[in-house]
Every structure is written in C-alpha cells, then in structure tokens.
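Engineer: Here it is, the structure in full.
The values are calculated or read from the model by the stated rules, or taken from the named source; none is laboratory data. No experiment lies behind these values; they were computed from the predicted model shown. Ideal geometry is used to build each Cβ from the backbone, glycine not excepted, and the neighbour counts take in all protein chains shown. Surface accessibility is based on the protein's heavy atoms, side chains included, excluding ligands, DNA and RNA. Shrake-Rupley method; radii C 1.70, N 1.55, O 1.52, S 1.80 Å.
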Amino acid sequence: MPLNLLFIDVDCPRPLDGSSLDREPLGGTESTLFRIAEGLSGTGRYRVAIAQHNREETLEMNGVGYVPFRVGEPSVPDPDVIVVLRSFKTLNGLRKIFPGSRMFLWMHCFPGSRWKKAGPMLERCATTAICVSDFLRERMRDVLGEKLPMVTIYNPVVVRAEAAETDVDKLVFFSSPHKGLEEVLRRFSEIRSEFPAMRLYLGDPGYWGGPVPDDVPGVVRLGHLPPKEIHAEVSTALCVFYPQRNFEETFGLVFAEANALGVPVLAHGIGAAVEVLEKGGQGQVVNCTPRNVLETIRLWRAGGRPVVREAPEFSIARVLAEWEELFKTNKTGV
C-alpha cells in the first residue's frame, strides 16, 4: 500500500502547482517542493498531496493532489507522513490532530529569534528537521540546540537549456533584489568602466520585491521569469554575477543550476556558497573586494573561466533516494 504523504506550505505566495515550473516565476522553495512531490509520487510508493494556505479548490496535477489548508482541520484523512515547510507553530498544531503520523520540519530559511523557544516543543512533537544544506543545519543547531534530530537533504537540480555559445560580455543576476543587488550593481559599474560593452541581465522569481534602479548603464531588466527562461539566459552568460558580501544563502539554487549548465558563479564565501559551489568546481568563490572582482572578470573574459559541472549530490535521483531513506529509517510518532 502506498504511504499517504502530506506536504504543508503556509507561506507560498499564491496557490501554485507543478505546472508552474514551466509557466510562472518561482522561488527555489516552491520549485523544489514540486519536484520532490512529483518525483516521490512517480515511484508508486506514495500518495502525495500538498496543502496550501491560500488555496480554495482541490486540484490533481502530475500525480500530486493540491488541497486547501485550514488551521485545525485535516487537509487529507490519515496521513502517514507530514512534512511542514518552515513553520514550527503549524507543525505543533498538526501533532495534536495526527498523533500517530511521522512529522518532519523542512527548513529552507534561517530560524529567526522567535525560534529560540521552539526546540523543546519540536522535541515533544517527535520531529526531525530537514535542512537544505549543512550550513543551514549548523545554524539551526545554534538556535534549537543539540537534542532535535536533523538531517541535510539538498535541493535537486533540474535544468532545461540547449547548449549555447558563451557571451563574454554578459553577466546575469537572477535573485530577489533584497539579496544584495545594490552591492552587485556597484561592482558591475566598476567593471563596466574597463569593459564598456558588458551587460548585466537582471531577473527574479517575483516573490519578494525591492528597489531595482533603472538608471544603471548596461543593465538589462528582464523582470519575473519562470525557471526554464532563467536557465536559457544563464546558459549563454560569462557567469552568474553574485559578488555581494552581506546576504547569506541557505542553499543557492541558482548557483547549483548554473554549474549544471556549465556556467561558473562569481560569489563571496558566505552562507552556503562554499558548500554548494565547491561541489560544482573550484575557483568560483572569491573574496569579493572591488579589485578582486575586477581581476576575476578580466581573467574569465580572457579564457580563464573555471570548468564547472553538475554536482551528483544535487541530482534528482539521488535527492529522491535520500528522501525515501529518511522515511524508511525515521518511524517516530507519538
């Protein structure tokens, strides 16, 4: 008999579904959720549903059911396994409704100050936390302590783009503007003073707004793009240009996707950048001072780009296998 597996997302920006992968701008959390849900459903060993806080109607798409989530009400009857995205309060409430279900907390973002008292509660709920990087897992440990079981399962990388010729005058930044765009634009302007033909293509998943200056020479604004269009733009770039030194990524899906397309990333060594990029190839993490960034772009334009590859740790087959192994080994309810 297939296991009844329920994912719960109380933070999605709108009622998305698996078809959004091809037609809508998506953040890394949503795209990862759909790939995992569809992949597990495809094995035939799971009956999978995703409950969303802003969904009004049920939908079946690519083997996954999409259902409304309402506090205090079961979204599906008798789930064997419940995976809650990012919300310890939601998980605590569900434990009271489903005392026999196995429960997991899937973390894609940093725990804030309100999480400091969550550790004992999550322990009482017999929860295991799933983190998208070792870096995030260590940060979770700092906040929640040592007792709560935690594992790392990376986000899967699935890219769709034809082989393309590299445009040495093209840089790309495909992240939400709040992730250091201001500093990125400063570094780009410095580069363009030496290489006036260079262009910086800006696109974002549309889930978090922010000011995007429209008066920076050489910037091409692409707006909100779905994943396949982002992949097509990245595939022709000299690099993903991410020389900001303040915003820490918990994974950095666009980093791993770029490497899978054979495109290096120029990034500072903060957050999960080192962990993710070293799996794709050396030479991508730079101390991003203005001088170092300019010298790196000079080198890469002259033919010295790092050779990068798709990291096997991020393959969809490997990631799905790790999810299944987790469900086999963790059989805790209360």
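Engineer: At a 1.4 Å probe radius, carbon and sulfur cover how many percent of the accessible area of segment 19-135?
Structural biologist: Roughly 50 percent, rounded to a whole number.
Engineer: Run through all the Cα pairs of segment 181-334 and give the fraction in each 5 Å bin from 0, expressed as whole percent.
Structural biologist: 1, 8, 16, 20, 21, 14, 7, 4, 3, 2, 1, 1, 0
Engineer: Check cross-link reach from K116 to the lysines: straight Cα distance under 19 Å, and skip same-chain residues fewer than eight apart.
Structural biologist: Straight-line reach from K116, under 19 Å: K89, K147.
Engineer: Could you check the simple spin-label distance between N54 and D134, using points 7 Å along Cα→Cβ, in nm with one decimal?
Structural biologist: Simple spin-label model gives 3.6 nm for this pair.
Engineer: I would also like to ask the following. In segment 167-182, whose amide N lies under 12 Å from the spot 7 Å out along Cα-to-Cβ of F247? List them in ranges.
Structural biologist: Residues 173-182 qualify, since their backbone N sits under 12 Å from the label point.
Engineer: Select from S41, M61, T29 the residue farthest towards the positive end of the dipole of segment 1-157; place +1 on Cβ of Lys and Arg, -1 on Cβ of Asp and Glu, and compute about the Cα centre.
Structural biologist: Farthest towards the positive pole: T29.
Engineer: What GluC sites (Glu not before Pro) does segment 42-81 have in DSSP loop regions with at most 10 other beta carbons within 10 Å? Each step should come with its number before you reach the end.
Structural biologist: Numbers: sites: E56, E57, E60; in loops: E56, E57.
Filter output for segment 42-81: E56, E57.
Engineer: Follow-up. With all distinct Cα pairs included, what does the Kirkwood hydrodynamic radius of segment 1-89 come out to in Å, to one decimal, could you say?
Structural biologist: Details: mean 1/r = 0.0765 Å⁻¹.
Result for segment 1-89, one decimal place: 13.1 Å.
Engineer: What fraction of the DSSP beta bridges in the chain is antiparallel, stated in percent and rounded to the nearest 5?
Structural biologist: 5
Engineer: If you don't mind, another one. Going Cα to Cα from K228, which lysines come in below 27 Å? Please leave out same-chain ones fewer than 8 positions away.
Structural biologist: Correct list for K228: K170, K179, K279.
Engineer: What is the Cα coordinate range of the chain on the first, second and third principal axes, sorted by size from largest, in whole angstrom?
Structural biologist: Here the Cα extents, ordered largest to smallest, are 63, 39, 35 Å.
Engineer: Can you bin every Cα-Cα distance in segment 81-231 into 5 Å intervals starting at zero and give me the percent of pairs per bin, rounded to whole numbers?
Structural biologist: It works out to 2, 8, 14, 14, 12, 12, 11, 10, 8, 6, 3, 1, 0, in whole percents.
Engineer: Keeping all protein chains in place, calculate the accessible area per residue for the chain (probe 1.4 angstrom), answer in Å².
Structural biologist: Each residue of the chain exposes 43 Å² on average to a 1.4 Å probe.
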